[in-house]
Amino acid sequence: MHEILSNEYVEKLISLPKKIVLNDELRDYYQLPCSSLFSTRMPIQSIDGNQIFLLQISQSSKNRLKIDLHFQENARFIQILRVDYHGRHKNPEKANEFVPPYMLYYQGMSIDENHIHLYVQGYDRLEWAIPLSISDFPIKDVNNSESFFAALECFRSRINLLTILRYSGGLFL
């Protein structure tokens, strides 16, 4: 069981300005690796140096359009936010008092479309998700390199990652 954080505290963690850190140095720019199958993990630190995070971007080897953008607090391994393209998810059958009202409609439902997982106090993992189609996340689908880069930029903005991500080539789609 992980430490329980409030929903409000997790939103504060998301809003902290942060950068990718390599060799104990905060980076203004980061070159994404280019490969036929894309998967990378990047250590992130808040500008004030008090918080450590991890950003993971992964692509399924079976379905190249199945892409996950995952952000977690890394010192305590608390999952905070994940966007899943071309995947499916089933929400819990029971909701606690911390599940936001807009998520309750999806209680016990299977979401068989692009979706976003959000931290909910009292759950060990990112057990709750809503369809991207009803979320405020602007990139609703990824079906080519251009839409992937747009989704990644929106995710970078959502987690307040100040490091500019650089890409080379058309990548993997």
Worksheet entry | Extreme residue, positive dipole direction of the chain, given options PRO100, ASN63, GLN79 (C-beta unit charges) | ASN63
Worksheet entry | Length-normalised contact order for the chain - Cα pairs under 8 Å, 6+ apart - percent | 25 percent
Worksheet item: Can you give the Rg and Dmax of the range 81-147 based on its C-alpha atoms, in angstrom?
Response: 12.1, 40
Worksheet entry | Cα-projected label distance for ILE134 with LEU16, points at 7 Å along beta-carbon direction, nm | 3.2 nm
Discussion item. Taking 0.36 nm per residue of sequence separation and subtracting the Cα-Cα distance, how much length would be gained by fully extending the chain between ILE52 and ASP141, in nm to one decimal?
Written reply: 29.1 nm
Practice prompt. Summarise the accessible area of the chain (1.4 Å probe, protein heavy atoms) by the percent that is carbon and sulfur.
Written response: 50 percent
Response to the item:
Rounded to whole Å², per residue accessible area for the chain with a 1.4 Å probe reads 51 Å²
Practice prompt. Kindly provide the chymotrypsin sites (Phe, Trp or Tyr not before Pro) of the range 40-149 that DSSP labels as loop, not H, G, I, E or B, and whose Cβ sees at most 11 other Cβ atoms within 10 Å.
Written response: PHE77, TYR105
Worksheet item: Using +1 on the beta carbon of Lys and Arg, -1 on that of Asp and Glu, and nothing else charged, what's the dipole of the chain about the Cα centre, debye to 20?
Response: 440 debye
Worksheet entry | Gyration tensor (alpha-carbon) shape descriptor, the chain, a/c threshold 1.5 | oblate
Practice prompt. Please give the length that would be gained between ASN96 and ARG166 if that part of the chain were fully extended, namely 0.36 nm times their separation in residues minus their C-alpha to C-alpha distance (nm, one decimal).
Written response: 21.1 nm
Discussion item. Taking loop as defined by DSSP and a crowding limit of 10 other beta carbons within 10 Å, which GluC sites (Glu not before Pro) in the range 1-94 fit?
Written reply: GLU3, GLU93
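The values are calculated or read from the model by the stated rules, or taken from the named source; none is laboratory data. On a predicted model such as this, the values are computed, not experimentally measured, just so you know. Here the Cβ is made from the backbone with ideal geometry for all residues, glycine too, and neighbour counts use every protein chain on show. Only protein heavy atoms, including side chains, enter the accessible area calculation; ligands, DNA and RNA are left aside. Shrake-Rupley method; radii C 1.70, N 1.55, O 1.52, S 1.80 Å.
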